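Working notes for the structure below.
The values are calculated or read from the model by the stated rules, or taken from the named source; none is laboratory data. Everything numeric in this text was worked out from a predicted model, so none of it was measured. Backbone-built Cβ (ideal geometry, glycine too); neighbour counts: all protein chains shown. Areas reflect the complete protein model, heavy atoms only, side chains present, ligands, DNA and RNA absent. Shrake-Rupley method; radii C 1.70, N 1.55, O 1.52, S 1.80 Å.
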Amino acid sequence: MKRRATFAIAQMTVTESPTKNLEKMEAMMQEARERFQAELILFPETCTAEFSRGMTRELRTETAEALDGPFVSAVRELAARFSLWTVFGFYECAETADSENRSYNSALILDDRGEIRGQYRKTHLYDAFGYRESDDYLRGDRLFQPIDSPFGKLGLFVCYELRFPEVARAERAAGAEILLMPSAWVKGDLKSEHFRTLAKARAIENTCYLLAANQYSKIRMGESIAVDPMGVVITSAGEGECVFPVYLDSERLREVREKLPSFEDRREELYH
């Protein structure tokens with residue numbers, strides 16, 4: 001694991017056009033690499049096309065694709081061209097005929113050669129605040145298994161799953177050191193406070209770095225954030241589209257875990 005690493009968070013406004021979204025991703029990846037010398041870039045949830053009540057199930061189904069589809073293949077080419085580990089959300093088509101025109105809300109981790117190193121299908125769907133994501137999407141059936149990288153062990157979950165401490169805890173138990181979260185957090189009363197509070201809580205209780213890349217639009221909040229293992233906000237965004245750097249230090253992670261061994265102090269025999 002590298003002592004120090006530079007990541008970038010891309011806060012992006014996703015449009016209904018996959019082609020325009022790829023163009024935005026390309027520009028953001030170039031900025032991350034050339035301006036910040038970033039080694040990994042984290043994009044939001046569902047970068048393929050805009051995710052909203054106004055997007056019909058038919059349009060979602062049309063833009064959903066397999067891992068060898070055109071959108072994923074194009075992002076893989078960009079990751080290889082910029083030598084940049086890349087994390088992003090997309091619509092993944094279902095393999096079964098009984099999917100009722102629903103797709104998966106998925107995320108991928110690519111390495112700096114554009115190879116797929118991690119795949120995840122969102123397991124906890126956003127059936128809350130008057131919206132039912134499960135009407136349009138299928139649930140994944142397993143949590144992400146953290147993967148090794150030059151920067152440490154990477155965990156991954158998506159947006160609404162920030163509200164489920166079990167998800168982050170399971171990834172910490174599997175060795176995660178850096179939790180990555182593509183997101184499309186919706187604006188609303190207390191939503192900003194919830195987002196920030198939960199991001200800090202997940203980082204503190206698991207003594208992990210946590211990075212969240214949010215969409216920004218009329219209904220998406222922005223406010224992407226990076227939190228260190230002691231719950232200190234390293235950097236965050238406000239509104240608008242932007243790319244900003246995050247500097248991670250493995251020695252900071254080691255020191256916090258040594259000072260605060262709460263994960264090791266668990267008494268699991270009492271929790272069941």
Matching label for the computed Cα extents along the principal axes in Å, out of (1) 54, 39, 37; (2) 52, 46, 35; (3) 51, 39, 30, is (2)
With every protein chain kept in place and a 1.4 Å probe, the range 106-233 has an accessible area per residue in Å² of 36 Å²
Square roots of five times the C-alpha gyration tensor eigenvalues of the range 126-242, ordered largest first and given in whole Å, equal 22, 18, 12
The alpha-carbon center of the range 92-147 and that of the range 203-267 are separated, in whole Å, by 23 Å
In the range 1-54, the GluC sites (Glu not before Pro) that sit in a DSSP loop and have at most 16 other Cβ atoms within 10 Å of their own Cβ are 16
Counting only protein heavy atoms and leaving out ligands, DNA and RNA, the solvent-accessible surface of residue 219 at a 1.4 Å probe, in Å² to the nearest 10, equals 70 Å²
Around residue 224 (Cβ within 12 Å, Cβ-to-Cβ, excluding residue 224; K/R +1, D/E -1) the net charge comes to -2
Expected field for residue 6, accessible surface area in Å² at 1.4 Å probe radius, rounded to 10, holds 20 Å²
Packing-ranked peptide list from 258-267, 222-231, highest mean Cβ count within 10 angstrom first, is 222-231, 258-267
Once phi for every residue in the range 111-116 is put through the Karplus expression 6.51 cos²θ - 1.76 cosθ + 1.60 (θ = phi - 60°), the whole-Hz ³J(HN,Hα) values, with Gly and Pro written as x, are 8, 6, 10, x, 7, 6
Hull surface over four for the Cα convex hull of the range 1-129, reported in nm², is 8.9 nm²
As straight-line cross-link partners of residue 187, the qualifying lysines (C-alpha separation under 27 Å, not fewer than 8 residues apart within one chain) are 20, 24, 122, 200, 218
The range 1-126: antiparallel bridges as % of DSSP beta bridges, rounded to 5, reads 65 percent
On the accessible surface of the chain, probed at 1.4 Å with all protein chains in place, carbon and sulfur together account for a percent value of 48 percent
The chain: antiparallel bridges as % of DSSP beta bridges, rounded to 5, reads 60 percent
Expected field for residue 63, accessible surface area in Å² at 1.4 Å probe radius, rounded to 10, holds 20 Å²
With -39,500 (n - 2.57) per DSSP H segment of 4 or more residues and division by the full residue count of the chain, the 222 nm estimate, nearest 500 deg cm²/dmol, is -8500 deg cm²/dmol
With DSSP loop assignment and no more than 14 other C-beta atoms within 10 Å, the GluC sites (Glu not before Pro) in the range 99-159 are 100, 115
